[in-house]
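Here the structure comes first, spelled out in structure tokens, and everything after it is commentary.
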Amino acid sequence: MQKLLNRLMGVAAAAALLAASAAANDGFAGLTATGLEFGKTDKIAMQSEDLYIGMHEIRVAYVFKNTSAEDVTGTVAFPMPPVLIGTFIVSPTQMTPKDLDAENPLNFTATVDGKPVAVKTERRAYLPPPYKEPEDPNAPYVPPPARAEYEEPGEDVTAYLTGLGVPIVTDPETIMAALDKLTPDQVKALKEKGLAEKDDSNGPEMRWIIGWSVGIRHYWDQTFPAGAEVKIEHAYTAFPNGGLFYWYDWTKPTEDWPEDPNGEDKKRYCIDDGTAKAIMTALPAQPDSGGAHGGTAYNIAYILTTANTWKGPIGTFRLTLDKGDTKNVLSVCMDGVKKTSDTQFTVEKTNFSPDRDLEILIVTRDPAFKE
């Protein structure tokens, strides 16, 4: 059991959005997504990308051009990085069980030149690489970038699980109901593989420790006519990770806080002095939390570097970030961000080759879960 418990310790820490913050230990889980992907090509160029990212919706409009003298056909894919099932056991989520069981949990839709696409869906289950103990056990947990699981999801165990009658979904209760039906020998084999084992200590809703992850990939075959432009648009519902968020007015080491409790947050989201002051103003003081100001934070991760699978840089790139409410505060590591409305910020670039993925922080005083 210890092997799976160690892995889920990492899951629980990752679900707490800002685990670097001293008091940020109550997190909620969500799903990360990305842009469109194509097999590495030297023929199809991304002429433009217009990307909108909000707290609960993401929309993208692309214009691609086949720069060659012949038609090119290939698979266009929208991959979602694998999510550990244990995440949804140890942390709450804004998604309902119906969402988690759905074939299309993010309500992904796509059009080509204005016409709807018949999108196919593929689900795979993976046994992630072994959990690695940090070199410094006292250091705050810093979640790995979303791309880490996307690029190295681990061993594919889809056929093994489906052979046992276990569905490849993300709702823990649906999975546990299938695990309950397994024979003792099958349960033993699951444990030996590090995939799952029974847990009799945490009640019926957490009666199994589950160690695999599920990745979902939407895709379709697309022909790009020679010399022609093709406009592809897609949209989906965002269910970002998040958690309780605390901000401290830290200026120098003290007995209680020898190091900046928000130091990791500042680096990860490029929080400057102006944004720090805005967070302090937006969040109410929490007298019982060592002088912190507290609220809720959302971490919207978007894998932008998939754009590099197309030919050359993005001709024209426009990013719109929407913080959802005037009282919310947004921070992201990207240069050229301009405020364009009470809630929106934009970035515009030409001949853009993304060298990092987006991690967007939105802080609000509102609770994530309303009674």
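Every read-out reported here was derived from the displayed coordinates using simple, explicitly stated rules and does not represent laboratory data. Not measured: the values here are computed from a predicted model. For neighbour counting, all protein chains shown are included, and Cβ atoms are generated from backbone atoms with ideal geometry for every residue, glycine included.
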Between Trp257 and Thr346, the two model label points (7 Å from Cα along the beta-carbon direction) sit apart by a distance in nm of 3.7 nm
Restricting to lysines and to Cα separations under 22 Å from Lys198, and discarding same-chain partners fewer than 8 apart, the set is Lys3, Lys181, Lys188
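Would you kindly state how much longer the chain becomes between Ala69 and Thr326 on full extension, computed as 0.36 nm times their sequence separation minus their alpha carbon distance, in nm to one decimal?
Numbers: separation 257, 0.36 × 257 = 92.52 nm, distance 4.96 nm.
Net length gain for the segment: 87.6 nm.
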For the chain, the charge dipole (Cβ of Lys, Arg +1; Cβ of Asp, Glu -1; about the Cα centre) points to a positive end, and the Cα of Ile89, Val332, Thr73 closest to that extreme belongs to Thr73
Of the range 304-326, those with amide N under 16 Å from the point 7 Å along the Cα→Cβ vector of Asp366 are 322-326
Length gained if Lys188 through Trp220 is fully extended, taking 0.36 nm per residue and subtracting the Cα-Cα distance, is 7.6 nm
Computed for the chain: size of charge dipole around the Cα centre, +1 on C-beta of each Lys and Arg, -1 on C-beta of each Asp and Glu, debye to nearest 20, value 620 debye
Filtered hits (lysines, Cα-Cα < 17 Å from Lys43, offset >= 8 within chain) -> Lys65, Lys231, Lys311
The lysines whose Cα lies under 26 Å from the Cα of Lys267, excluding any fewer than 8 residues away in the same chain, are Lys132, Lys252, Lys277, Lys323, Lys327, Lys338, Lys339, Lys349
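Using Cα pairs closer than 8 Å and at least 6 residues apart in sequence, work out the relative contact order for the chain, in percent. It would help to have the intermediate numbers written out before the result.
Details: 835 pairs, mean separation 104.1, N = 371.
Result for the chain is 28 percent.
How much length is gained on full extension from Asp101 to Lys132, taking 0.36 nm per residue of separation minus their Cα-Cα distance? Don't skip to the end; give the middle numbers.
Details: separation 31, 0.36 × 31 = 11.16 nm, distance 3.01 nm.
Stretched out fully, the Asp101 to Lys132 stretch lengthens by 8.2 nm.
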Asserting the computed 222 nm helical MRE of the chain (DSSP H runs at least 4 long, -39500 (n - 2.57) per run, divided by residue count, to nearest 500) equals -5000 deg cm²/dmol
For Kirkwood radius over Cα pairs in Å the list reads (1) 22.1; (2) 23.3; (3) 21.0; the calculated value is entry (1)
